[in-house]
Amino acid sequence: MVNVHIHQFQPGGAVVDAGALAQFQEQWETYRKLVESGCLAHREVGAILRETLNDVFKSPFSFLDIACRDASLMKAVLPGTQVRHYHGIDLSQPALELAAANLVEHADEAWCSLSIHHLSTQDKLSLMKAIRGAIGTGGIFLLYEPTRRAGEDRSAWLDRFVRTNKPLWRVLTPPEWDQIWHHVATGDCPETAAVWCELGREAGFREARQVFVDPTDFFQLFRFEA
């Protein structure tokens, strides 16, 4: 039997932008539509995650899911693996910066998807250091995030976001697209693949590499080994 634990950080005085919490909650249904329609390549990423878990862990392991939301991806991925303990941390966007002080759960494998690109580069590093501290020697961390191309600044990335995704995300209504675009334009701070890997190594992971690029070249999956 798998031991399941989901921890929710509640917003409080330490949250930098409490208004962002309401925005996050309003966008949840829109985000779920994108996931369920396949627009964010979660099926492909989930298959890679399951294959990785079965390849690396031949005996029971513990799994830490950071910003787990409703844990729908893990409900599809983890059955059939050797997982013995699942710990989900439900971090809303404005509470992400609190994670570094709260990641005390030990894990053999950690996962985070489409969440930490909202943080500054330094805050990304702080969180990744906390994740490294939670993972024992031989453990792994997989991170799936929007990623800028080499030499592409944020402005060019935003232009490409509209050109690429607006025609593809036909599952969204015009108001839902406007909601997503406002969220991206005001809050997304993606790194290049080189910087994501550099942050992983600076956080203490001995190996860092890209393992998947989605068909639109917008989202990339990185593997960090402790």
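The values are calculated or read from the model by the stated rules, or taken from the named source; none is laboratory data. Note that the structure is predicted; figures quoted are calculated from it, not measured. Because the Cβ atoms are built from the backbone with ideal geometry, glycine has one as well, and the counts that use them run over all protein chains shown. Just so you know, the surface numbers come from the protein's heavy atoms only, side chains and all, with ligands and any DNA or RNA stripped out. Shrake-Rupley method; radii C 1.70, N 1.55, O 1.52, S 1.80 Å.
Structure notes:
- Test for ALA20: is it of a type in the set (A, V, I, L, M), modelled with pLDDT under 85, open to solvent by less than 20 Å² (accessible area, probe 1.4 Å) and farther than 30 Å from GLY139 by Cα: yes
- Of all residues making up region 131-142, the number that are more than 22 Å from ALA194 (Cβ to Cβ), part of a helix (DSSP H, G or I) and either among the acidic types (Asp, Glu) or open to solvent by 10 Å² or more (accessible area, probe 1.4 Å) (or both): 1
- Any hit, region 79-101, residues being modelled with pLDDT of 90 or more and under 21 Å from PRO146 (Cβ atoms): no
- The one condition from (1) closer than 19 Å to SER113 by Cα; (2) of a type outside the set (Lys, Arg); (3) open to solvent by 70 Å² or more (accessible area, probe 1.4 Å) that PRO175 does not meet is (1).
- ASP55 vs. criteria within 18 Å of PHE224 (Cβ to Cβ), out of contact with any strand residue (DSSP E or B) (no Cβ under 9 Å at 6 or more places or on another chain) and at pLDDT 90 or above: yes
- Of all residues making up region 41-52, the number that are in contact with a strand residue (DSSP E or B) (Cβ under 9 Å, 6 or more places away or on another chain) and open to solvent by 10 Å² or more (accessible area, probe 1.4 Å): 4
- Residue check, ALA194 without any contact (Cβ under 8 Å) to a residue 12 or more places away in the chain, open to solvent by 20 Å² or more (accessible area, probe 1.4 Å), more than 20 Å from ARG43 (Cα to Cα) and of a type in the set (A, V, I, L, M, F, W, C): no
- Search result, residues across region 210-226 that are surrounded by fewer than 18 Cβ atoms within 10 Å (Cβ to Cβ) and in contact with a Leu (Cβ under 6 Å, 6 or more places away or on another chain): VAL211, PHE212
- A Cβ distance below 6 Å, combined with a sequence gap of six or more or placement on separate chains, defines the contacts here; from region 75-95, residues that are farther than 20 Å from HIS106 by Cβ reach residues that are at pLDDT 90 or above and among the basic types (Lys, Arg) in the pairs VAL77/ARG50.
- Selection status of TRP181, out of contact with any His (no Cβ under 7 Å at 6 or more places or on another chain) and more than 30 Å from PRO60 (Cβ to Cβ): yes
- Matching residues, region 54-81, being of a type in the set (Asp, Glu) and either farther than 23 Å from LYS129 by Cα or open to solvent by 10 Å² or more (accessible area, probe 1.4 Å) (or both): ASP55, ASP70
- Exactly one residue among GLU207, GLU145 is farther than 20 Å from GLY46 by Cβ and either open to solvent by 20 Å² or more (accessible area, probe 1.4 Å) or of a type outside the set (Phe, Trp, Tyr) (or both), and that residue is GLU207.
- Summed over region 156-172, residues that are buried (at least 18 other Cβ atoms within 10 Å of the Cβ) and part of a loop (DSSP other than H, G, I, E, B) total 1.
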